[in-house]
């Protein structure tokens, strides 16, 4: 844990939740909590395995980590 008022350790997760809300939560309507959970699992799979990021040289997070581990 960082000192009070030092927010750098929260920046990554806050960025993720901001992206998730804008790409998933605000544009979908859910019938019930089970429907929400199912759609959230699908979104997490998309986010980690299929979502292309220019910051990661045009690869998904899983592809980028796999290539980084092979290079090491």
Considering just Cα atoms, how many Å³ per residue does the convex hull of the chain enclose?
147
Multiply the residue gap between residue 36 and residue 53 by 0.36 nm, knock off their C-alpha separation, and tell me the result in nm, one decimal place.
3.6 nm
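Here, each number is a calculation from the coordinates, and none is a lab measurement. Computed from a prediction, not measured in an experiment: that's the story for all the values here.
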